[in-house]
Amino acid sequence: MTFAPAHPESIFTYGAPGLKFGAGARHELGYDLAQLGARRVLVVTDPGVAATGAPAEIADDLQRGGIEAVVYDRSRVEPTDGSLAEAIAFGRAEGPFDAIVAVGGGSSIDTAKAVNLLTTNDGDLMDYVNAPVGGGRAPSKPLVPLIAVPTTTGTGSESTTICVLDVVSQHVKTGISHARLRPAFAIVDPELTLSQPAGVTAASGLDILCHALESYTARPYTSYEHKSAEQRVPYCGSNPIADMWSEKAMSLMSTAFRTAVRHGDDVAARTDMAMAATFAGLGFGNAGVHIPHANAYPIAGMAPVDFHPADYPAHPESDHGLVPHGMAVSLTAPAAFRFTFEAAPERHLRAARLLAPEAEVPDDPAELLPSVLSGIMRDVGIPSGLAEIGFGRGDLDGLVEGTMKQQRLLATAPREVTEDAVGAILEQSIELW
């Protein structure tokens with residue numbers, strides 16, 4: 001399908017948080033909060049990160065600087081509507097706060113976004129969840145500043161306007177998306193990622209790659225109908241600024257990713273991965289993501305209950321297994337990029353060369369990027385397809401239905417995405433090698 005708008009868009013938008021990057025940057029958080037006039041803050045983290053001592057260290061630093069810090073350490077890995085409701089209730093009971101600090105991976109940062117939204121605006125969580133799963137309501141009041149301090153490399157949540165959650169009753173992952181959710185400031189300190197286990201590094205790293213690849217191959221911003229100012233959304237399609245960040249992220253990952261998985265104490269590799277995660281977040285947080293992320297939501301929400309990946313904490317009682325977000329995204333990425341190749345062959349080939357400069361182009365050029373990506377997945381220990389998670393062909397209809405609910409993401413795909421197309425991508429992903 002070729003997009004041919006009657007009145008092509010001529011404007012793209014770009015937004016980003018303030019950024020402080022480098023070893024030891026976390027120790028300057030008190031100063032940064034003081035510049036915002038914050039005197040009382042909520043620190044949001046999860047039990048695993050809390051066990052490392054980093055959130056307590058940060059809270060103590062703030063207290064010594066005269067800033068009262070209230071700690072919430074019960075964020076759930078892969079948040080659900082229930083876990084977010086619990087965090088929101090805590091925030092409402094303990095507030096008000098001048099700012100919120102998220103210390104952790106994407107799950108803690110996304111939890112902090114939801115708390116920020118629902119402690120400053122009226123209503124319930126589902127009022128704001130993207131339609132058709134939720135009400136799709138936009139916040140009517142300003143949020144307080146959110147400072148994101150990521151301890152994993154991958155989600156890019158410190159740069160984006162998205163909060164991802166699992167709506168348990170509907171067996172689907174979805175999100176809340178609004179420009180006001182974007183953190184005001186990101187403090188990226190690679191030292192905080194040194195304790196990240198290999199399995200978490202692998203899954204998070206695949207999320208980085210898919211952020212960069214999906215935003216780079218997203219439909220161009222000029223392929224949309226021209227919008228009025230009030231119609232503009234954070235995801236505006238591929239554009240020159242997002243492309244720059246995505247390309248740099250892929251270049252860094254081509255050399256750092258495997259090393260960081262195999263040698264977690266390699267500071268240079270960890271620093272490059274942290275930089276790549278930041279760059280990819282700055283790219284996809286504006287251009288958008290598409291098919292692999294749309295597929296990931298039902299994969300994670302419907303995973304067989306007995307699946308649990310290595311190096312992840314025990315999953316609370318649930319009716320489905322734990323598939324980390326980056327893993328879920330990557331499992332259909334090779335087939336998805338095979339499908340999107342015809343929309344922009346030169347971009348897919350360029351992306352493959354950035355990730356694997358020495359790779360030879362096969363007889364069918366559409367196979368180059370899927371082959372490169374599958375090779376990376378094998379090397380870092382990602383499951384070999386949906387079958388290894390526990391899915392079979394009998395699950396495809398339910399997965400297709402879940403994917404088609406993610407129209408906000410599918411609208412960014414460079415080709416029209418039908419149920420048949422999604423079904424074919426998922427079927428090809430049952431066994432990748």
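Scanning the stretch 14-58 for residues that are of a type in the set (S, T, N, Q) and modelled with pLDDT of 95 or more yields a single hit, Thr45. Taking the stretch 9-23 as the search range and keeping residues that are within 12 Å of Val188 (Cβ to Cβ) and part of a loop (DSSP other than H, G, I, E, B), which one is nearest to the chain's Cα centre (by Cα)? If we take residues in the stretch 9-23 being within 12 Å of Val188 (Cβ to Cβ) and part of a loop (DSSP other than H, G, I, E, B), then Pro17 is nearest to the chain's Cα centre (by Cα). Based on what the data block shows, is Glu86 in a loop (DSSP other than H, G, I, E, B) and under 17 Å from Leu42 (Cα atoms)? It is false that Glu86 is in a loop (DSSP other than H, G, I, E, B) and under 17 Å from Leu42 (Cα atoms).
Out of curiosity, is Ala276 within 20 Å of Arg378 (Cα to Cα), assigned to a helix (DSSP H, G or I) and at pLDDT 90 or above?
no
For the stretch 378-428, the set of residues classified as assigned to a helix (DSSP H, G or I), loosely packed, with under 15 Cβ neighbours inside 10 Å and among the polar types (S, T, N, Q) consists of Gln407 only. Apart from one condition, Pro139 fits all of (1) free of Cβ contacts under 8 Å to residues at least 60 places away in the same chain; (2) assigned to a helix (DSSP H, G or I); (3) closer than 17 Å to Ile162 by Cβ; the exception is (2). The condition of being β-branched (Val, Ile, Thr), more than 24 Å from Ser107 (Cβ to Cβ) and touching a residue at least 24 places away in the same chain (Cβ under 8 Å) holds for only one of Thr259, Thr340, Thr271, that being Thr340. When restricted to residues that are in contact with a Leu (Cβ under 8 Å, 6 or more places away or on another chain) and more than 23 Å from His308 (Cα to Cα), the stretch 374-410 contains 1.
Out of the residues in the stretch 164-192 meeting the condition of being in a helix (DSSP H, G or I) and polar (S, T, N, Q), tell me which one is surrounded by the fewest Cβ atoms within 10 Å (Cβ to Cβ).
First, the residues of the stretch 164-192 that are in a helix (DSSP H, G or I): 168-170, 179-181, 190-192.
Within this subset, residues satisfying the condition of being polar (S, T, N, Q) are 169-170.
Working: Ser169: 10, Gln170: 16.
Among residues in the stretch 164-192 that are in a helix (DSSP H, G or I) and polar (S, T, N, Q), the one surrounded by the fewest Cβ atoms within 10 Å (Cβ to Cβ) is Ser169.
Restricting attention to the stretch 338-346, does a residue exist that is β-branched (Val, Ile, Thr) and within 19 Å of Phe391 (Cβ to Cβ)? Checking the stretch 338-346: not a single residue is β-branched (Val, Ile, Thr) and within 19 Å of Phe391 (Cβ to Cβ).
For the residues Thr119, Thr45, Thr161, Thr151, the requirement of being over 30 Å from Ser215 (Cβ atoms) and in the same structural domain as His178 (by TED's automatic domain parsing) singles out Thr119.
Matching residues to (1) in the same structural domain as Gly104 (by TED's automatic domain parsing); (2) under 15 Å from the mean Cα position of the chain (by Cα):
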| site | (1), (2) |
| --- | --- |
| His171 | yes, no |
| Thr174 | yes, yes |
| Arg180 | yes, no |
| Thr193 | no, no |
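Yes/no matrix, rows are residues, columns are (1) out of contact with any helix residue (DSSP H, G or I) (no Cβ under 8 Å at 6 or more places or on another chain); (2) at pLDDT 95 or above; (3) crowded, with 24+ Cβ neighbours inside 10 Å:
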residue: Val289; (1), (2), (3): no, yes, yes
residue: Pro292; (1), (2), (3): no, yes, yes
residue: Gly301; (1), (2), (3): no, no, yes
residue: Arg338; (1), (2), (3): no, yes, no
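Do we find that Asp266 is within 26 Å of Ala131 (Cβ to Cβ) and not assigned by TED's automatic domain parsing to the domain that holds Ile147 in this structure? Spelling it out, it is not the case that Asp266 is within 26 Å of Ala131 (Cβ to Cβ) and not assigned by TED's automatic domain parsing to the domain that holds Ile147.
Every test in (1) of a type outside the set (Lys, Arg); (2) more than 15 Å from Leu331 (Cβ to Cβ); (3) within 24 Å of the chain's Cα centre (by Cα) is passed by Gln428 save one, and that test is (2). Scanning the stretch 24-50 for residues that are more than 22 Å from the chain's Cα centre (by Cα), surrounded by 14 or more Cβ atoms within 10 Å (Cβ to Cβ) and among the small types (Gly, Ala, Ser) turns up Ala25, Gly30, Ala34, Ala38. Within the stretch 354-372, does at least one residue satisfy the condition of being closer than 16 Å to Glu214 by Cβ, touching a residue at least 24 places away in the same chain (Cβ under 8 Å), of a type in the set (Gly, Ala, Ser) and surrounded by fewer than 22 Cβ atoms within 10 Å (Cβ to Cβ)? No, the stretch 354-372 contains no residue that is closer than 16 Å to Glu214 by Cβ, touching a residue at least 24 places away in the same chain (Cβ under 8 Å), of a type in the set (Gly, Ala, Ser) and surrounded by fewer than 22 Cβ atoms within 10 Å (Cβ to Cβ). Residues that are modelled with pLDDT under 95 and in a helix (DSSP H, G or I) do not occur anywhere in the stretch 149-159.
Residue-wise test of (1) crowded, with 20+ Cβ neighbours inside 10 Å; (2) in a helix (DSSP H, G or I); (3) touching a Pro at 6+ places or on another chain (Cβ under 8 Å).
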| site | (1), (2), (3) |
| --- | --- |
| Thr201 | yes, yes, no |
| Leu209 | yes, yes, no |
| Tyr216 | yes, yes, no |
| Val233 | no, no, no |
| Ala242 | yes, yes, no |
| Glu247 | no, yes, no |
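Can you pull out the residues in the stretch 106-146 that are within 24 Å of Phe21 (Cβ to Cβ) and out of contact with any helix residue (DSSP H, G or I) (no Cβ under 7 Å at 6 or more places or on another chain)?
Ser107, Ile109, Asp110, Ala112, Asn116, Pro145, listed by residue number.
For Lys248, the conditions (1) basic (Lys, Arg); (2) over 18 Å from the mean Cα position of the chain (by Cα); (3) more than 21 Å from Gln406 (Cα to Cα) all hold with the exception of (2).
The values are calculated or read from the model by the stated rules, or taken from the named source; none is laboratory data. Only a predicted model underlies this, so the values are computations on that prediction, with no experimental measurement involved. A quick note on method: Cβ atoms are made from the backbone with ideal geometry, for glycine too, and the neighbour counts reach across all protein chains shown.
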